[in-house]
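Report on the structure given below.
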Amino acid sequence: MPRLGQPDDLRNHDHKREHDHEHDHARGNTVKDATRWEAALRAVPGILRADLWTARRDPLPRNRWLNWLPHAHLGLLVLVLGVWNLNLYAQYMDPTPGSVTALVVAQCAAPILALTRPTPGWWLSTAALMVSVNVTSSVLGADWPWNAGAIALHTIVLLLLSLRVRPVASATAFGITLLTGLGALSPGGVPHAPTLWAGTTAFATATVVGASLRATRVSRTRLVEQEELTAEERARRALLEERGRIARELHDVVAHHMSVISIQAQVAPHLVENPSPELRENLAGIRQNAVDALTELRRVLGVLRGDGAAGDAAAGVRHAPQPTLDRLGELLANVRATGLDVTAETVGAPRPLSPGTELSAYRIVQEALSNAMRHAPGGRAAVATHYHADGLTVRVTNTAATRPVGSVPSGGGREPGHGLLGMRERTAMLGGELAAGPTPDGGWDVTATLPAPLLDPPHTKDGS
């Protein structure tokens with residue numbers, strides 16, 4: 001019956017659809033591969049023109065440990081090979097013509113030139129190699145592509161070239177080099193063809209080794225660049241996170257003040273007997289502006305609370321009042337409970353400061369003590385707050401660790417943050433200065449100066 005055959009039809013339809021999907025996927029990959037190969041082939045002429053048709057300076061970098069010593073050794077090796085090459089010609093020419101001497105000098109100059117300008121050095125060596133084919137063939141009376149000295153010198157040049165140009169260009173240079181030898185071969189027998197194979201092997205080895213070393217160097221350079229970019233991105237992210245945390249805290253401070261302004265503007269008319277309509281209208285406008293500003297503030301900055309830790313919300317940390325220097329004693333008690341010996345000192349008469357200054361001072365002390373607990377377990381710390389006419393100076397010092405670092409948990413302070421980064425951001429936000437660094441005894445010192453000048457006392461109605 002038709003109903004009994006329907007499941008098989010559906011299965012066949014699904015199987016056909018899966019087969020078509022796989023076929024389309026494979027065809028798409030094939031098209032992508034073909035496009036990629038097409039793009040690579042189109043780029044080859046540009047690469048060859050940029051790498052093999054240029055006279056740009058590209059010096060071989062000096063060695064990290066040996067400095068310029070390898071360059072000097074290479075120059076000495078080229079000199080020895082040049083003398084050897086000249087002696088090879090002298091065995092069959094007595095006296096040696098000046099043209100042959102000039103040829104040997106050009107072959108020796110090519111590796112030296114390739115140290116700073118690899119492409120011109122390779123072209124010079126290739127031209128000298130083509131001339132040497134004719135010289136050796138005319139002297140020996142046979143089709144002799146290269147002699148051993150020319151092979152050794154050109155091998156050095158190919159190696160130096162392959163270290164600086166892209167693999168496509170080095171392979172092309174290898175192919176052009178082979179043409180200088182193949183052009184000397186006649187259709188008949190070649191008595192000295194083994195020199196062609198020896199030279200081909202040497203040139204191929206130099207090309208492969210140079211390209212491999214270049215690939216390793218390029219990969220290492222890219223890795224270092226990527227690590228630098230990652231470090232920069234990590235530092236930028238840490239800076240943004242710290243600024244976001246500071247913004248969240250200041251949002252609470254500003255929101256508190258805006259709420260106070262709104263409440264005072266609402267209560268003020270009830271404190272005046274028979275307030276005028278203008279006064280009521282102005283106070284109502286002040287209250288409405290404060291409410292609108294508070295709404296916008298919560299809408300714009302309140303979103304910063306979304307990237308906080310989930311545990312903070314559960315613990316009620318987000319909605320806790322922001323600490324001030326009045327709670328410094330609680331912080332020191334918590335730090336002492338972790339085993340760090342902390343002393344406190346206050347210089348000058350304490351006075352109320354702006355909420356932002358008090359919050360920043362408290363956080364700087366908190367972060368400095370957290371760093372002391374993490375990096376100086378078993379040491380001692382001292383906290384000094386100095387109230388002066390221009391503001392507040394907070395100094396936190398600690399001695400060197402007496403136990404292995406990591407043996408003490410970083411309790412007593414906030415969770416591990418970004419250390420000096422947050423301190424500098426808070427100090428710079430207030431226009432202050434921060435100095436941090438090691439002490440002669442192996443400890444650490446953090447000193448923050450926060451501007452908070454003394455305000456003139458308010459005058460009473462009678463002018464007193």
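Nothing in this text is a laboratory measurement; each read-out follows from the coordinates by a stated rule. Because the structure is predicted, anything quoted here is derived from the model rather than measured. All Cβ positions, even for glycine, are placed from backbone atoms using ideal geometry, and neighbour counts span all protein chains on display.
Things worth noting here:
- Of the trypsin sites (Lys or Arg not before Pro) in the range 325-381, those whose Cβ has at most 12 other Cβ within 10 Å and which sit in DSSP loop: none
- Local net charge near Glu358, Cβ-Cβ under 12 Å (Lys/Arg +1, Asp/Glu -1): +2
- The range 355-407: C-alpha gyration tensor shape, a/c 1.5 cut-off, then a/b vs b/c: oblate
- Neighbour net charge for Arg220 - beta-carbon separation under 15 angstrom, K R +1, D E -1: +1
- Using a Förster distance of 45 Å, the FRET efficiency for Ala231-Arg62 (Cβ separation, nearest 0.05): 0.95
- The range 41-97 versus the range 201-225: alpha-carbon centroid distance in Å: 17 Å
- Positive minus negative residues near Thr116 (Lys, Arg vs Asp, Glu; Cβ under 11 Å): +3
- Amide H contacts of Ala344 (H built 1.01 Å from N, in plane; Pro and chain starts excluded): Val383 sit under 5 Å, all sequence-distant by 5 or more or on other chains.
- Inter-label distance, nm, simple model (7 Å from Cα along the C-beta direction), Asp94/Thr346: 10.7 nm
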